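J.: Would you mind keeping the following structure in view while I ask a few things?
The values are calculated or read from the model by the stated rules, or taken from the named source; none is laboratory data. What you are looking at is a predicted structure, and each value in this text was computed from that prediction instead of being measured. Note that we place each Cβ from the backbone using ideal geometry, even for glycine, and neighbour counts take in every protein chain shown. These accessible areas exclude ligands, DNA and RNA; they are computed on the full protein's heavy atoms, side chains included. Shrake-Rupley method; radii C 1.70, N 1.55, O 1.52, S 1.80 Å.
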Amino acid sequence: WGPTVGQHLSRWQRPELKSEDLDRAERWVLTTAMKKSTMPGSWRLKVVNGSLYVKVLKASPHWLERANVLRLVYGVHASKPLPDLDAVYVHSDMDPAPALRLPAACMLEKATARENATAQSMCGRQVPLLTNAYLAVGKSAQASFPLPDFSWVGWNSQPPWCVLSSRLQTAAAHQPFKTRADRLYFAGSLSNGPFRHELASLARTADAADALAVYDVTSRFSLGKKGKGPSRQRPNEEACGYKYLLSIPGFGYSNRLRQLLSCGSVVFHIGGFFNEFFMPQLEPGVHYVAVNTVAQLLHALKRIRADPARAERIGAAAGEAARRLLSFDSARSYTRQLLTELASRRHGEPVALGPAVDRPGTVSSYVKLTSEASIMQVVRQCNCGATWTTGAAGTSPSTHTSVGSDGQIYWRYREGGRERRNDSTICHRQLEGQCCQGYNCATSNLDC
């Protein structure tokens with residue numbers, strides 16, 4: 001991963017990366033990023049003398065995967081301590097790092113005096129951020145350093161990548177390339193962004209009838225909204241039954257690319273503007289077919305269909321790249337190399353935590369991570385109702401109780417066709433936290 005890490009860090013235009021640069025990134029999060037719904041959460045991480053500390057800078061209620069990337073970093077550190085380090089992470093589907101701006105453009109419209117003071121202090125200066133994806137077009141000098149995103153350790157009911165990748169490889173092995181369906185497959189929301197809207201229109205045309213297999217799976221962000229109901233989720237392994245698969249952006253990057261590559265099919269990738277960390281390792285025309293627009297899809301598909309030998313070669317190269325580059329262990333290795341190289345850019349400057357200890361396990365607002373349970377503490381997660389017991393003492397048989405990972409007693413029951421539960425009162429109001437589900441809980445078993 002050395003060349004890839006070097007390429008990502010080359011976006012930082014100075015030889016050193018000092019504490020003042022990270023302080024500037026924190027100020028930017030606490031002013032500008034606080035107002036942006038596309039950046040639901042952020043934390044600052046420090047490694048000091050072999051111990052890992054974190055403080056949360058922002059945690060919106062809809063940031064369900066708030067523990068996931070932190071859990072990946074903690075796992076890397078727990079296996080072998082990282083060097084002294086200081087970094088700020090921002091969760092986003094796009095590249096969140098601000099572009100360099102000339103002084104005349106640094107005053108913000110409809111901004112407070114504090115926000116404009118912060119903007120002025122950052123004029124002509126980069127803001128270094130760890131994030132999920134980086135801007136892959138233009139020359140805006142955004143100092144974004146991509147980490148493996150939340151889905152590598154699993155999210156909601158989707159298992160961690162070490163489990164899912166094995167399932168996909170097994171499904172691919174059971175379906176030889178020549179026997180797969182001769183259509184271009186996509187399953188996902190068709191309402192997330194302009195590319196998806198264009199795909200929905202294309203799928204309805206007569207030309208696409210024998211070329212595309214497109215399934216609209218409602219985004220979880222749309223579930224429960226007026227006029228939107230949950231459509232049937234399709235198993236990830238279904239994609240491995242098709243010769244051609246489509247990777248297409250939503251509102252930002254799509255993290256499905258590595259799943260599609262694992263099937264060993266021909267992946268048509270519409271790149272959009274944002275890439276994940278591993279993209280420099282993949283070569284268009286070798287590991288996937290690059291397509292610029294949705295309008296070009298049918299023509300590109302026609303060309304590949306006319307050359308079955310080439311299609312099979314690209315599919316085989318995709319599957320091999322997924323096994324060799326995109327394993328869970330490989331993602332951990334990349335994470336270690338990136339953070340280690342970031343640490344080296346300090347050029348010997350010590351990492352300081354700040355004031356004296358306020359309470360056990362914390363330094364100022366930083367929380368020392370000593371276990372995955374401590375991750376839940378720092379991001380304020382509650383594993384509400386992990387295991388429900390029916391008919392607990394003193395309750396009616398229809399009442400279910402559970403002890404959450406936070407030690408709280410949770411209950412739920414049905415009354416008049418509605419479910420009543422107290423997790424919102426305890427977790428959200430008393431603890432100012434969030435109930436987690438499945439692999440979004442930091443203490444879920446990864447089996448990796």
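J.: In region 232-265, which residues are farther than 27 Å from LEU135 by Cβ, touching a helix residue (DSSP H, G or I) at 6+ places or on another chain (Cβ under 8 Å) and assigned to a strand (DSSP E or B)?
T.: Listed by number, the residues that qualify are LYS243, TYR244.
J.: Given (1) more than 19 Å from LYS302 (Cβ to Cβ); (2) modelled with pLDDT of 70 or more, where does LYS225 come up short, assuming only one miss?
T.: (2)
J.: Can you name every residue in region 1-34 that is polar (S, T, N, Q) and open to solvent by less than 40 Å² (accessible area, probe 1.4 Å)?
T.: Hits for region 1-34 are THR4, SER19, THR31.
J.: Does region 95-104 include one or more residues that are open to solvent by less than 50 Å² (accessible area, probe 1.4 Å), among the small types (Gly, Ala, Ser) and touching a residue at least 60 places away in the same chain (Cβ under 8 Å)?
T.: No - not one qualifying residue is present in region 95-104.
J.: Right, something else. When only residues in region 127-148 that are at pLDDT 90 or above and open to solvent by 10 Å² or more (accessible area, probe 1.4 Å) count, which is nearest to the chain's Cα centre (by Cα)?
T.: TYR134
J.: Taking region 274-303 as the region of interest, how many residues are over 27 Å from the mean Cα position of the chain (by Cα) and either within 23 Å of HIS174 (Cβ to Cβ) or open to solvent by less than 70 Å² (accessible area, probe 1.4 Å) (or both)?
T.: 3
J.: Conditions: (1) within 17 Å of PRO148 (Cα to Cα); (2) open to solvent by 20 Å² or more (accessible area, probe 1.4 Å); (3) free of Cβ contacts under 8 Å to residues at least 60 places away in the same chain. SER37 meets all but one. Number of the miss?
T.: Exception for SER37: condition (1).
J.: Report whether or not ALA311 is in contact (Cβ under 8 Å) with a residue 12 or more places away in the chain and in contact with a His (Cβ under 6 Å, 6 or more places away or on another chain).
T.: It is false that ALA311 is in contact (Cβ under 8 Å) with a residue 12 or more places away in the chain and in contact with a His (Cβ under 6 Å, 6 or more places away or on another chain).
J.: Kindly evaluate SER262 against the criterion of being open to solvent by less than 10 Å² (accessible area, probe 1.4 Å), under 25 Å from LEU147 (Cα atoms) and not acidic (Asp, Glu).
T.: yes
J.: Working only within region 266-304, note down all residues that are part of a strand (DSSP E or B) and among the β-branched types (Val, Ile, Thr).
T.: Here is the first cut: in region 266-304, the ones part of a strand (DSSP E or B) are 266-270, 274-275, 284, 288-291.
Residues satisfying the conditions are VAL266, VAL267, ILE270, VAL289, VAL291.
J.: Being farther than 14 Å from TRP161 by Cβ, in contact (Cβ under 8 Å) with a residue 60 or more places away in the chain and not aromatic (Phe, Trp, Tyr) is the filter here, so list the residues in region 255-279 that pass it. Lay out the reasoning, then the answer.
T.: Kept after step one, since they are farther than 14 Å from TRP161 by Cβ, are these residues of region 255-279: 263-275, 279.
So of that shortlist, the ones also in contact (Cβ under 8 Å) with a residue 60 or more places away in the chain come out as 263-265, 268, 270-275, 279.
Matches in region 255-279: CYS263, GLY264, SER265, ILE270, GLY271, GLY272, ASN275, MET279.
J.: How many of the residues making up region 31-45 are modelled with pLDDT of 90 or more and either touching a helix residue (DSSP H, G or I) at 6+ places or on another chain (Cβ under 9 Å) or assigned to a helix (DSSP H, G or I) (or both)?
T.: Counting residues in region 31-45 that are modelled with pLDDT of 90 or more and either touching a helix residue (DSSP H, G or I) at 6+ places or on another chain (Cβ under 9 Å) or assigned to a helix (DSSP H, G or I) (or both) gives 5.
J.: Something else now. Conditions: (1) assigned to a helix (DSSP H, G or I); (2) over 22 Å from THR443 (Cβ atoms). LEU57 meets all but one. Number of the miss?
T.: (1)
J.: Find all pairs meeting these conditions: Cβ atoms under 8 angstrom apart; at least six residues apart or on different chains; first residue within region 372-387 and assigned to a helix (DSSP H, G or I); second residue of a type in the set (Asp, Glu) and at pLDDT below 85.
T.: Close Cβ pairs (under 8 Å, with a partner that is of a type in the set (Asp, Glu) and at pLDDT below 85) amount to MET376/ASP406.
J.: Does GLU349 satisfy being more than 30 Å from the chain's Cα centre (by Cα) and either at pLDDT 80 or above or closer than 25 Å to VAL69 by Cα (or both)?
T.: Yes; evaluated as a whole, the condition is true for this residue.
J.: Here is a further query. Would you check if there is a residue in region 100-115 being out of contact with any Leu (no Cβ under 8 Å at 6 or more places or on another chain) and at pLDDT 90 or above? Break it down into steps so the answer makes sense when it comes.
T.: Of region 100-115, the ones out of contact with any Leu (no Cβ under 8 Å at 6 or more places or on another chain) are 100-114.
Right, trim to at pLDDT 90 or above and you get none.
Among the residues of region 100-115, not one is out of contact with any Leu (no Cβ under 8 Å at 6 or more places or on another chain) and at pLDDT 90 or above, which makes the answer no.
J.: Let me ask something additional. Please find, among ALA306, ALA311, the residue that is exposed (fewer than 13 other Cβ atoms within 10 Å of the Cβ) and modelled with pLDDT of 95 or more.
T.: Answer to the selection: ALA306.
J.: Of the numbered conditions (1) open to solvent by 60 Å² or more (accessible area, probe 1.4 Å); (2) in a helix (DSSP H, G or I), ALA200 satisfies every one except a single condition; which is it?
T.: Of (1) open to solvent by 60 Å² or more (accessible area, probe 1.4 Å); (2) in a helix (DSSP H, G or I), only one is false for ALA200: (1).
J.: If a residue has to be over 11 Å from ALA239 (Cβ atoms) and open to solvent by less than 20 Å² (accessible area, probe 1.4 Å) to count, how many in region 169-183 make the cut?
T.: 0
J.: Could you grab me the full set of residues in region 61-94 that are open to solvent by 20 Å² or more (accessible area, probe 1.4 Å) and either farther than 20 Å from GLY438 by Cα or part of a loop (DSSP other than H, G, I, E, B) (or both)?
T.: PRO61, HIS62, LEU64, ALA78, SER79, LYS80, PRO81, PRO83, ASP84, ASP93, MET94
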